[in-house]
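Asks: Encoded as C-alpha cells, here's the structure I'll be asking about.
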Amino acid sequence: MHSEIRTLLSSTFGRLLDEQHPVAYARRALPAHDDAQLGLWRELADGGWLEAGLETFQAEYGPGTQFMGEWAGRSLLTLPYGSSTFLARVLLEQAPALDAVMLDLAAHPASIRCDRSGDEPGWIDAYGPTAQYLRLSRRDSGWLLARHDAAMLEPVQGLDPTVSLARLRGPAIAQAELADEQVLPALQNHLAFQLAQLTGTASATLDLAIGYAKEREQFGRPIGQFQAIKHPLTDAWIDLDNSRYAVEALLQSRAKVDPALAALATRIATGAARRAVKLSIQVHGGIGFSWEHDAQLYLKRAYRSATEVERLAALMQG
C-alpha cells in the first residue's frame, strides 16, 4: 500500500516540486510573492495539496505525509508548506472561528512561530509581505494563536541563506484561544512532516556525497573505495533509514498524542541529519565549503530545521 501511495504522490506532488522548485530557487532565496513562488503556491492550492493535513486526506494517504516531507526537504522548499498545511489548515478545521484570525491560506502562506506564552518573541521565517505571520503559544492551560502585522517584522541575520529571518514585533492584530485537544494532534503531525523534510534534506546531500565519492579519484582509485570514507557513508545511510522508521512510527500514532515518541523520533532524526550533512561537507573536501556548491546550503538548512523541530518536540512535553 505504501508503495502505491509513493508512486501516486511521486507522479504528482514530487513531480510538481521537481519541475517548479529546483534548488536554484533556494539559492536565490525567493520570497513568497516572487512570480515563480506565487505560481507554485497557486498550483499547490488548486491541486488540493493544502488539504493534505486534514482528516479526509490523512485517512487515505496518511503514509504519504512522509514522502511529501522528504520531497520538500530534497528541493529545499522556500515556501511555508508544512506550517500552512499541517498546522494552520488543520487548526482552522478544528476551530472554524479562527477565520477571524487567519487570512486565506491559498493567497497568504502561513509562517508560524511555536513557543511558550511569556517567552520573548523569537525569530520567525520571513516570506515577504503577502505571507501571514502567526504565533502559536502554549499557556498553562491551552494555547493562544495570534496573527502579527507583517509590516512590524524586524529582519535578523540567520544561518540559512535560503529563507529570510525576522523577529516578531508589536501587538497581535487578532488572536484566539485553543484547547490542547485541538492543537496537540495537529502539532504532532506537523512535527512528523518537519522531521521527514529534515530527513529529505540530509538524504539529498548524502546522495551528493556518495556520487562524488564514486567519481573523485585519489591514488588511482575512487575515494569511495577507501574504508575511511566508505564506512561513514554507509553508517550515515543507515542512520537516515532509521529516521524514516521513527517518522513512520510517529505518523502511525497520529490518533493518539505521544510526546515521548515525538521526542524520540526527533532525537533520532536530528542526530542522523546533522551527521549526514557534516559528512557530506567532509567528503567533498574544500569544494563542499564553497558558496558555489549546494552542499553548504543543505547543511545550513538541516541545522536550522533541526533547531525548529527540537523546539516543537519540547513544546509537546507540556
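The values are calculated or read from the model by the stated rules, or taken from the named source; none is laboratory data. Please read these numbers as outputs of a predicted model, since none were measured by experiment. For neighbour counting, all protein chains shown are included, and Cβ atoms are generated from backbone atoms with ideal geometry for every residue, glycine included. Side chains are part of the model used for accessible areas, which takes the heavy atoms of the whole protein and leaves out ligands, DNA and RNA. Shrake-Rupley method; radii C 1.70, N 1.55, O 1.52, S 1.80 Å.
Asks: Taking the chain as a Gaussian network, where each spring joins two C-alpha atoms under 10 Å apart, which residue of Arg244, Arg147, Arg221 fluctuates the most?
Replies: Of the options given, Arg221 has the highest mean-square fluctuation.
Asks: When the chain is fully extended, how far beyond the present Cα-Cα distance does Glu292 get from Glu217, taking 0.36 nm per residue of separation?
Replies: Taking Glu292 through Glu217 to full extension adds about 24.9 nm, to one decimal.
Asks: For Rg and Dmax of the Cα atoms in Å, the choices are (i) 19.7, 61; (ii) 19.4, 67; (iii) 19.3, 56; which was calculated from the structure?
Replies: (ii)
Asks: Based on DSSP H runs of at least 4 residues, each adding -39500 (n - 2.57), what is the mean residue ellipticity at 222 nm of the chain after dividing by all its residues, to the nearest 500 deg cm²/dmol?
Replies: Taking each H run of at least 4 residues, the total per residue is -17000 deg cm²/dmol.
Asks: Would you mind working out the magnitude of the charge dipole of the chain relative to its Cα centre, with +1 at each Lys and Arg C-beta and -1 at each Asp and Glu C-beta, to the nearest 20 Debye?
Replies: Here the chain has a charge dipole of around 940 debye.
Asks: Rounded to the nearest whole Å³, what is the per residue volume of the convex hull around the Cα atoms of segment 18-58?
Replies: Cα convex hull per residue, to the nearest whole number: 85 Å³.
Asks: So what is Rg over Rh here for segment 1-147, counting just Cα atoms and using Kirkwood for Rh?
Replies: Reported Rg/Rh (Cα atoms, Kirkwood Rh): 0.97.
Asks: What does the accessible area per residue of the chain come to in Å², with a 1.4 Å probe and no ligands, DNA or RNA counted?
Replies: On a per-residue basis, the chain sits at 44 Å².
Asks: Here is a follow-up. Under 17 Å from the Cα of Lys214, which lysines turn up, not counting those fewer than eight places away in the same chain?
Replies: Of all the lysines, those that pass the test against Lys214 - Cα under 17 Å, at least 8 places apart if same chain - are Lys230.
Asks: Mind checking the dipole of segment 165-310: about its Cα centre, +1 per Lys or Arg Cβ, -1 per Asp or Glu Cβ, Debye to the nearest 20?
Replies: In debye, rounded to 20, segment 165-310 gives about 380.
Asks: Please work out the FRET efficiency for the pair Ala260 and Leu8, using the Cβ-Cβ distance as r and a Förster radius of 30 Å; give the result to the nearest 0.05.
Replies: 0.40
Asks: May I ask you to list the aspartates and glutamates whose Cα is less than 20 Å away from that of Lys278, ignoring any residue fewer than eight positions away on the same chain?
Replies: Within the straight-line limit of under 20 Å, Lys278 reaches these aspartates and glutamates: Glu70, Asp160, Asp207, Glu215, Asp235, Asp239, Asp241, Glu292, Asp294, Glu308, Glu310.
Asks: What's the extension gain from Arg169 to Ala100 if we count 0.36 nm per residue and subtract their Cα-Cα distance?
Replies: The span from Arg169 to Ala100 would gain 22.8 nm if fully extended.
Asks: Leaving ligands, DNA and RNA out of it, report the carbon-plus-sulfur percent of the accessible area of segment 19-66 at a 1.4 Å probe.
Replies: Here it works out to 49 percent.
Asks: Percent antiparallel among DSSP beta bridges with both residues in segment 32-177, to the nearest 5?
Replies: Bridges in segment 32-177 are about 70 percent antiparallel.
Asks: On the accessible surface of segment 155-241, probed at 1.4 Å, how many percent belong to carbon and sulfur atoms?
Replies: In segment 155-241, the share of accessible area belonging to carbon and sulfur is 52 percent.
Asks: Considering only the chain, what is the antiparallel percent among its DSSP beta bridges, to the nearest 5?
Replies: 75
Asks: Which one, Leu9, Gln132, Ser243, projects farthest toward the positive side of the charge dipole computed for the chain from Cβ point charges (K/R +1, D/E -1)?
Replies: With unit charges placed on the Cβ atoms, the residue in question is Ser243.
Asks: If you don't mind, another one. Given the options Met68, Met102, Met152, state which has the largest fluctuation in a GNM of the chain using a 10 Å cut-off (strictly under) for Cα springs.
Replies: So, out of Met68, Met102, Met152, the one fluctuating most is Met152.
Asks: Around Gln58, with a cut-off of 13 angstrom between Cβ atoms, what is the net charge of the other residues, counting Lys and Arg +1 and Asp and Glu -1?
Replies: Result for the neighbourhood of Gln58: -2.
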